[in-house]
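The structure appears right after this line, and notes come after that.
The values are calculated or read from the model by the stated rules, or taken from the named source; none is laboratory data. Nothing here was measured: the structure is a model prediction, and the numbers come from that model. Cβ sites come from the backbone with ideal geometry, for glycine too, and all protein chains shown count toward neighbours.
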Amino acid sequence: MAALKTVDDYIDVKLVHSIHVSERLSFRACRRRWRWVYRDLYYPTTTAKPLEFGIAFHKAMEHWFDPDSWGVDDQSREVETLVVFRRECERQQREFLGHLRRDTGDPNAQLDPEVEEDYAERVELGQAMLRNMFKTSYEIDAEYRPVGVEVPFEVPIKDPDGNDIWCKCIRCWTKWVTWVKPQQEQAERDRADNVPNDFSIKIVDANYGGQHWKMWQGLPVTYGGRIDCLFQDRFGRIWIVDWKTAARLSTGEAGASDDYLWLDDQITSYCWALWLLGIDVAGFIYHQIKKSNPGEPEPLKRVWKGCMYSQNKSNDVDYQTYLTTVQENDPGAYAAGLYDQYLEHLKENSNGLFKRHVIHRNTEELRQAGMNIALEALDMTDPNLRVYPSPGRFGCNYCAFREPCLGTNRGEDVMFTLESLFEKRTRLYYEDAESTTDKPTRG
């Protein structure tokens with residue numbers, strides 16, 4: 001039987017109130033919506049898709065950076081990675097068709113032609129993105145080697161005075177009672193059979209708010225998540241790697257309009273969590289892959305500054321294809337060096353199709369991140385927390401809870417709306433969902 005003496009013991013048996021980055025973002029955005037999702041467990045009903053691109057792509061990246069196969073047979077690893085991606089796509093399609101046939105009652109139902117075409121295009125897009133990454137991955141990965149993929153973590157959150165934080169919310173109580181009862185029953189059977197068993201926890205009153213609940217200290221509040229990949233550089237330093245697919249690659253440069261990476265909450269909090277676990281984390285590497293399937297560049301309608309081909313940095317082109325094209329079709333301009341600067345840009349930016357931003361984090365930044373997480377955790381688990389909406393032009397227009405929120409503002413009973421339009425769950429989405437940070441956060 002499990003002995004619960006330390007917070008680590010609670011973590012080992014998953015008896016914790018775990019906070020993830022998605023909940024922190026939701027809490028800051030709107031407390032009313034946060035409560036409906038993370039306390040009442042109402043989730044928007046979503047239509048199944050024949051392809052969850054982010055999940056499939058993450059599966060492929062997980063295989064590509066698997067430490068056990070890294071550097072063994074790169075050519076085979078390329079082929080296997082493409083196979084992993086396609087098999088996951090096909091699995092999702094079969095699952096979608098299964099739901100479709102059950103819902104329609106037609107055992108022969110097929111995808112609509114437009115859906116089928118979109119599915120095929122996205123499968124081809126994913127394979128092209130992976131092939132483009134393979135072209136330059138060997139060169140930029142020479143400085144690193146993967147030491148782990150899809151790495152889970154769960155660490156205790158302590159208040160500003162260094163004390164563990166405990167929660168007695170109804171979800172924690174339900175989790176506690178569900179765990180204790182079978183342990184208690186097994187202990188009683190063991191004692192009847194004269195089998196040693198020192199499990200002594202008993203729940204006489206299992207009502208939420210009852211006498212036993214009043215004496216109960218609660219469950220420890222922890223911070224959990226899953227890291228895409230861990231790299232180790234040639235100096236032995238550990239880096240957290242997070243990969244994202246995007247329609248446009250960010251610059252990540254300090255002072256630029258997209259310099260949010262320097263304030264990125266998710267990855268900084270992951271660095272803090274590993275730091276707590278005694279891992280010396282140097283920072284994180286933000287690996288962006290452009291959603292693009294580039295072909296041979298098209299010539300301009302008229303020559304511009306002596307060149308037949310565009311040098312726009314937002315073009316979907318890769319270095320090798322562009323170089324071959326201008327060498328063959330515009331040799332004079334190429335020989336004159338008119339393409340040199342643009343070719344250097346493509347080469348430095350991983351062919352313009354994927355890019356890595358290396359962001360350092362020092363000890364003080366990690367300490368500050370931990371302090372912020374603790375303050376948020378104290379707010380989230382406060383039984384006297386004040387819950388109110390945070391209306392805004394953009395957030396509200398795209399919020400799935402718009403209707404029940406308006407109803408609440410009008411003083412209506414919105415339970416029927418919540419139970420009709422939303423799925424009432426017993427677990428948080430990240431306790432059941434595919435492990436990927438590329439999947440959009442709901443709510």
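Output yes when any residue across segment 174-197 is surrounded by 12 or more Cβ atoms within 10 Å (Cβ to Cβ), under 25 Å from the mean Cα position of the chain (by Cα) and part of a helix (DSSP H, G or I), and no when none is. Yes, some residue in segment 174-197 is surrounded by 12 or more Cβ atoms within 10 Å (Cβ to Cβ), under 25 Å from the mean Cα position of the chain (by Cα) and part of a helix (DSSP H, G or I).
Annotation: of all residues in segment 22-43 being among the aromatic types (Phe, Trp, Tyr) and in a helix (DSSP H, G or I), the one that is farthest from Leu378 (Cα to Cα) is Trp36. Scanning segment 178-235 for residues that are closer than 30 Å to Glu143 by Cα and not acidic (Asp, Glu) turns up Gly224, Gly225, Arg226, Ile227, Cys229, Leu230, Phe231, Gln232, Arg234, Phe235.
Selection of helices (runs of 4 or more DSSP H) fully inside segment 269-349 by the criterion of at least 3 residues being outside the structural domain of Ala369 (by TED's automatic domain parsing), farther than 30 Å from Ile157 by Cα and at pLDDT below 90 returns 319-329, 340-348. Consider segment 232-259 and keep the residues that are surrounded by 12 or more Cβ atoms within 10 Å (Cβ to Cβ) and aromatic (Phe, Trp, Tyr). The one that is modelled with the highest pLDDT is Trp239. Checking each residue in segment 58-88 for being assigned to a helix (DSSP H, G or I) and charged (D, E, K, R) picks out Lys59, Glu62, Asp74, Arg77, Glu78, Glu80, Arg86, Arg87, Glu88. Quick one: which residue in Glu403, Glu348, Glu376, Glu365 is surrounded by 12 or more Cβ atoms within 10 Å (Cβ to Cβ), free of Cβ contacts under 8 Å to residues at least 24 places away in the same chain and among the charged types (D, E, K, R)? It is Glu403. Residues in segment 55-85 that are in contact (Cβ under 8 Å) with a residue 12 or more places away in the chain, under 23 Å from Ile227 (Cα atoms) and surrounded by fewer than 17 Cβ atoms within 10 Å (Cβ to Cβ): Pro67, Trp70, Gly71, Glu78, Glu80. Among the residues of segment 383-398, those identified as surrounded by fewer than 10 Cβ atoms within 10 Å (Cβ to Cβ) and assigned to a helix (DSSP H, G or I) are Arg393, Phe394, Asn397. Out of curiosity, is Glu88 charged (D, E, K, R), under 30 Å from Glu114 (Cβ atoms), modelled with pLDDT of 95 or more and crowded, with 17+ Cβ neighbours inside 10 Å? For Glu88, the condition - charged (D, E, K, R), under 30 Å from Glu114 (Cβ atoms), modelled with pLDDT of 95 or more and crowded, with 17+ Cβ neighbours inside 10 Å - is met.
Of the residues making up segment 22-53, those that are touching a strand residue (DSSP E or B) at 6+ places or on another chain (Cβ under 6 Å) and of a type in the set (Asp, Glu) number 0.
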